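The structure appears below as structure tokens.
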Amino acid sequence: MRRIKIFDTTLRDGEQTPGVSLTVEEKVEIAKQLARLNVDIIEAGFPISSPGEFEAVSRIAREVEGPTIAALARAVKKDIDRAGEALKDAEKKRIHTFIATSQIHMKYKLRKSPEEVRKLAVEAVEYATKYTDDIEFSAEDATRSDWDFLVEIYEAVIDAGATTINIPDTVGYTTPEEFYELIRYLKKNITNLNGVTISVHCHDDLGLAVANSLSAIRAGANQVEVTVNGIGERAGNAALEEVVVALDTRKDFYKVETGINLSEIARTSRLVAHLTGIEVPPNKAVVGANAFAHESGIHQDGVLKERTTYEIIDPKKLGFSGSKIVLGKHSGRHAFRKKLEELGYKLNEEEFERAFAKFKEVADRKKGITDLDIEAIIQEELGKG
Ligand code: KIV
Ligand code: ZN
């Protein structure tokens with residue numbers, strides 16, 4: 001099976017989530033958890049951006065074993081020097097340098113011509129080789145760039161020493177079909193791709209980051225850039241857990257594998273939510289509180305007979321305690337009986353029917369039915385008998 005590298009950017013792009021700022025200690029703690037999760041690359045930060053950021057990248061480089069440690073740098077020497085210094089003690093290090101390639105960015109932000117941008121990209125990659133031979137180049141806003149200019153600039157940076165070319169959907173603009181075609185186009189037209197990793201980096205402005213990443217993998221990308229819980233600039237980045245679990249659940253279709261230790265997913269998600277203060281929405285795929293909760297009678301009946309009737313992922317495999325049966329107004333007798341058993345009640349049929357009718361009445365009025373509610377119902381109904 002083709003192996004997909006997981007490049008985690010929770011500590012760099014994820015930390016760009018509005019309102020999030022992690023201390024050095026917190027970044028090191030998350031990096032150690034990412035190593036237990038067994039990601040291939042940890043993008044530890046953007047060292048030029050602040051002294052604290054430099055220190056965090058340096059400490060991660062020194063203290064975290066296993067994954068390659070990457071640091072971000074604009075295509076300028078002072079950024080690359082700062083990244084190179086911060087990564088000095090890493091066992092395996094990567095410099096990730098980038099420059100924008102879309103007309104809109106080149107004209108308004110950089111105020112440079114495509115030729116000037118290509119030259120800066122090549123110089124940056126050549127310069128970065130003084131620190132490491134693992135160099136990633138990103139064409140920022142690639143999905144709004146001219147495809148032939150992308151071919152030209154990626155070929156030039158590969159000649160200069162880039163070993164990974166990243167295709168970012170910086171503003172979450174592309175769609176799965178278009179991104180598939182772009183990756184195919186680049187694969188077909190870049191003439192010196194031999195041995196070079198094709199990476200994708202998707203943002204979620206249209207809610208398509210995970211779908212776009214999967215589509216790119218299908219088209220031949222072999223690295224995906226993701227964040228835990230999908231945190232990141234604006235609407236966030238492709239969520240690590242969603243991409244990885246989709247690839248695992250649909251191995252039959254994608255025919256690829258990752259090195260991720262799936263049983264660490266729950267713990268990693270909780271740690272990142274706790275330290276960033278960004279709570280996971282209850283309906284979030286894979287790691288939301290309701291991702292494995294069943295409320296309707298039909299679903300509960302199915303799951304209690306055989307879990308896979310309504311669950312395509314085994315929550316225990318991801319480190320969660322298991323599926324949840326939530327009692328509510330849509331619940332049926334089967335789930336209610338199971339709950340009574342769990343609470344240690346043995347009711348005869350007549351008592352059971354009365355208690356069930358009372359439960360439905362309460363559930364119509366109340367949103368979350370707790371064990372205490374059930375106990376109160378039973379006491380009341382048994383008292384009557
Ligand atoms: O979204 C983006 O373009 C980035 C690059 C720095 C890769 O985060
Ligand atoms: Zn990004």
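Where a number appears in this text, it was derived from the coordinates with a stated rule and is not lab data. Here the structure is a predicted model, which is why all the values come from computation and not from measurement. As a convention, Cβ positions derive from the backbone with ideal geometry for all residues, glycine included, and neighbour counts pool all protein chains shown.
Only the Cβ atoms of Lys and Arg (+1) and of Asp and Glu (-1) were treated as charged; on that basis the dipole of the chain about its Cα centre amounts to roughly 280 debye. Tell me which of Leu206, Tyr154, Ala124 sits at the most positive position along the dipole axis of the chain, charges placed on C-beta atoms (Lys, Arg +1; Asp, Glu -1). About the Cα centre, the residue reaching furthest to the positive side is Leu206.
Among residues other than Ser263 with Cβ under 15 Å from its Cβ, the summed charge is +1 (Lys and Arg +1, Asp and Glu -1). P(r) tail for the stretch 96-165: Cα pairs beyond 20 Å make up 21% of the total. Ranked by the mean number of other Cβ atoms within 10 Å of their residues, highest first, the peptides 3-14, 202-213 come out as 3-14, 202-213. According to the Kirkwood relation over distinct C-alpha pairs, the hydrodynamic radius of the chain is 22.8 Å.
Put simply, the amide H of Arg94, placed in the peptide plane, has neighbours under 5 Å in Ile69, Ala70, Ala71, leaving out anything fewer than 5 places away on its chain. Each principal axis of the Cα cloud of the stretch 226-350 was evaluated for its coordinate range; sorted largest first, these ranges are 57, 36, 22 Å. Rounded to the nearest 20 debye, the dipole magnitude of the stretch 30-164 is 480 debye, with +1 charges on Lys and Arg beta carbons, -1 on Asp and Glu beta carbons, and the Cα centre as origin.
Percent of Cα-Cα pairs more than 22 Å apart in the stretch 166-286, please. Roughly 35 percent, rounded to a whole number. Amide H to amide H, with H built 1.01 Å from N, Val200 comes under 5 Å of Ile167, Gln223, Val224, Glu225, counting only residues 5 or more places away or on other chains. Over 29 Å between Cα atoms, which of Lys88/Lys119; Lys255/Lys338; Lys251/Lys316; Lys109/Lys255; Lys324/Lys360; Lys5/Lys305 qualify? Listed pairs above 29 Å: Lys255/Lys338; Lys109/Lys255; Lys5/Lys305. Listed peptides 25-38, 161-174 appear in the order 161-174, 25-38 once ranked by packing, highest mean of other Cβ atoms within 10 Å at the front.
For the peptides 251-258, 181-188, the ranking by mean Cβ contacts within 10 Å, running from highest to lowest, is 181-188, 251-258.
Taking θ as phi - 60° and the Karplus parameters 6.51, -1.76 and 1.60, the scalar couplings of the stretch 255-262 work out to 6, 9, 9, 10, x, 5, 7, 4 Hz in sequence order, x denoting glycine and proline. Which of Gly232, Leu193, Val39 sits closest to the plus end of the dipole of the chain, meaning its Cα is farthest towards the positive end, when Lys and Arg get +1 and Asp and Glu get -1 on the C-beta? Result: Val39, furthest along the dipole toward the positive end.
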